[in-house]
Each structure stands twice: as C-alpha cells, then as structure tokens.
Amino acid sequence: MSELEHATALINGLNLHYVRAGSGPLVVLLHGFPEFWYSWRHQIPALAKTHTVVALDQRGYNLSDKPALWQHYTIDLLVDDVRALIEHLGFERATIVGHDWGGAVAWTFAMRYHGYLERLVVMNLPHPKLMIKNLWTNPRQILRSWYIFMFQLPGLPEWFAKRNNFEFLTKALTSAVQRPGVFSADDIQAYHQAWRQPGALTAMINWYRAYVRQGLKHLNQLSTHLVHAPTLLIWGTADGALGQELTYGTERYATDLRIRYLTDVSHWVQQEAPNEVNAVLIPFVRGEG
C-alpha cells in the first residue's frame, strides 16, 4: 500500500480525497457505509497490474469534504461526483466498482451516465428497483433495515454511533463476518480514525436521510432505465443486512449480467473473501470473463 498516491480533486465545489495506483484504463472503486477507500485494500494491488485504479473517499467520508446538510447527499450529487472525477482524471470512460452504498451509486451511474461506463461491478447491493420493492413488501427485509429508519432521527444516530468508542459501527464490521481475522487491530484503528474526522458521522448518516427524504422516489423513476454494459453482481450469501432474495430479478434491469454468489460470506464481501472476490473481479474487469 506504500505505492499508493494520495490526492485531492476539486469536484462539484468539494475537495474529494482519493488514492491512485497503476496505469491503463480507469477503474473507480466506490466504498459503502461506514467505510472509506481502505475497504478496497485487497483489490487495489491486483487491479493496478493492468489498470489505473482510483479508490474514492466519497463525499462526507474520511478525508473528503463533509457538507453539513442532508440535501448535499442526494443521489444526483453522489453520481455526478463520479462523472466529474472521471473527467478530472482525464478519462472518457471507466469501469465502476461499488460495494454497499457505493453499489447504489454505481447502479445509478450506470443508468444515468452509460456513455461513461465501460463495465459495472456491484457487491452486496441490489438494483435500486429491487431494493425499493423489498423495503415496501418484504417484512424480513424491513426488519433487517431497521437502522435506515433509526438514522432519520436528529442527533440520536450520531450519539449512538460514537458512544463507547464507536462500538456500534465497530460491531457492524466485526460481528457480521463469518471468518476469523478479517479485520485486524490496525484495520479497526484505521476505521476509527476515519470516523473521528470532524463532521464525519453526521455526513455518513446524511446519506440515509437523503435516501429516505428524496432518493426513494427519484431512484424509482430512474430505475426504469436498463443497464446495457457488461455487469457483474458479487454477493456474499451470509449478508445480515440484505437478503439474497433481493438479487432475484436483477436480469430484468441488466441485459448483460453475471451473478456470483459466495457462500457463507458476509456483507463485507471484498474484505472477508478477497481471494474469491478477486478471482471473479479481475478477469471480468480485464474483459476475460
């Protein structure tokens, strides 16, 4: 990881931090909640052998700027950050890889900015249309998603996330994984450092506030657009937050789709099973699978 270049780009009026490695066609990596670029530490070296790899701290996270209001985290803005980043880096197209919330941004980017898209990879985040459907009709998924509704409260989620040295967020990572040693003490320290950045907790939670207050309707409208680029969905089947049934029917929204289920792997799929993920991810990004 010592070969990574750390940089900041002025994107849509915000300073967004990213790390960069390698050369060649562009791959943009988009992390989820409550993470930052570091969640891709196992993928960056492998991808950088043949590609320019950029792992972004999305707005509100780690070293990127953190505007205070939830209106600064609408899906329109999140997706346009990616488009503007591609242009800032001097590329016309990119392969977009997203996990969790980064997957939501990746799906939406593919529907809105298909001309910029080479290939699409999403990990443990369903197509937005299927996510919305299950939030309305799937009682089990509604229970799994309790935290989305808790995050709508003012102030309380930030207090809850910070209490006892980030106990809630730390357990969200460590207690979910099925394999030992996924998150080392150094890994947890890196996450804690990111969460301690001024304004970070509110900014991270504001993604959920914007999603409920505006994004649901918007995503439902946008999700009528098909994704025609080659698409890979990687899914850890032991995800405690998002059920595997959310993947059923994805083929209706992506015309060139591959799905790879990784058995007994949690939501943190690219960190818990990096070898299995890379064995599928790398050939696909290179156009070999």
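The values are calculated or read from the model by the stated rules, or taken from the named source; none is laboratory data. Owing to the predicted nature of the structure, the values given are computational and were not obtained by experimental measurement. Virtual Cβ from ideal backbone geometry, glycine too; neighbours counted across all protein chains shown.
A few points about this structure:
- One residue stands out among those in the range 174-192 that are under 24 Å from residue 151 (Cα atoms) and in contact (Cβ under 8 Å) with a residue 24 or more places away in the chain: the one that is surrounded by the fewest Cβ atoms within 10 Å (Cβ to Cβ), which is 192.
- Near pairs, Cβ below 7 angstrom, 6+ apart or cross-chain, from the range 145-162 (more than 12 Å from residue 33 (Cβ to Cβ)) to any residue that is in a helix (DSSP H, G or I) and not aliphatic (A, V, I, L, M): 150/157; 152/209; 158/202; 160/168
- Of the criteria (1) in contact with a Leu (Cβ under 8 Å, 6 or more places away or on another chain); (2) surrounded by 23 or more Cβ atoms within 10 Å (Cβ to Cβ); (3) not polar (S, T, N, Q), which one residue 65 fails: (2)
- Some residue of the range 82-90 being among the acidic types (Asp, Glu) and modelled with pLDDT of 95 or more: yes
- Check on residue 80, under 19 Å from residue 207 (Cα atoms), of a type in the set (D, E, K, R), in contact with a Phe, Trp or Tyr (Cβ under 9 Å, 6 or more places away or on another chain) and surrounded by 21 or more Cβ atoms within 10 Å (Cβ to Cβ): no
- The single condition from (1) within 15 Å of residue 127 (Cβ to Cβ); (2) of a type in the set (A, V, I, L, M, F, W, C); (3) more than 16 Å from the chain's Cα centre (by Cα) that residue 232 fails is (3).
- Among the residues examined, residue 37 does not qualify as farther than 26 Å from residue 274 by Cα, of a type outside the set (Asp, Glu) and either crowded, with 18+ Cβ neighbours inside 10 Å or at pLDDT 95 or above (or both).
- Single unsatisfied condition, residue 134 versus (1) in contact with a strand residue (DSSP E or B) (Cβ under 7 Å, 6 or more places away or on another chain); (2) modelled with pLDDT under 95: (1)
- Residue in the range 94-111 that is surrounded by fewer than 23 Cβ atoms within 10 Å (Cβ to Cβ), modelled with pLDDT of 95 or more, among the β-branched types (Val, Ile, Thr) and more than 12 Å from the chain's Cα centre (by Cα) present: no
- For the range 225-235, the criterion of being at pLDDT 95 or above and under 15 Å from residue 35 (Cα atoms) is met by no residue.
- Criterion (within 19 Å of the chain's Cα centre (by Cα) and under 27 Å from residue 237 (Cβ atoms)) met by exactly one of 132, 205, 142: 132
- Selection from the range 72-95 of residues that are assigned to a helix (DSSP H, G or I), in contact (Cβ under 8 Å) with a residue 12 or more places away in the chain and not hydrophobic (A, V, I, L, M, F, W, C): 72, 73, 76, 80, 81, 83, 88
- Scanning the range 163-190 for residues that are polar (S, T, N, Q) and closer than 19 Å to residue 242 by Cα gives 170, 174, 175, 178.
- Residues that are part of a loop (DSSP other than H, G, I, E, B) and buried (at least 17 other Cβ atoms within 10 Å of the Cβ), drawn from the range 146-159: 151
- When 120, 130 are checked against the criterion of being of a type outside the set (Lys, Arg), out of contact with any Cys (no Cβ under 9 Å at 6 or more places or on another chain), assigned to a helix (DSSP H, G or I) and buried (at least 17 other Cβ atoms within 10 Å of the Cβ), a single residue qualifies: 130.
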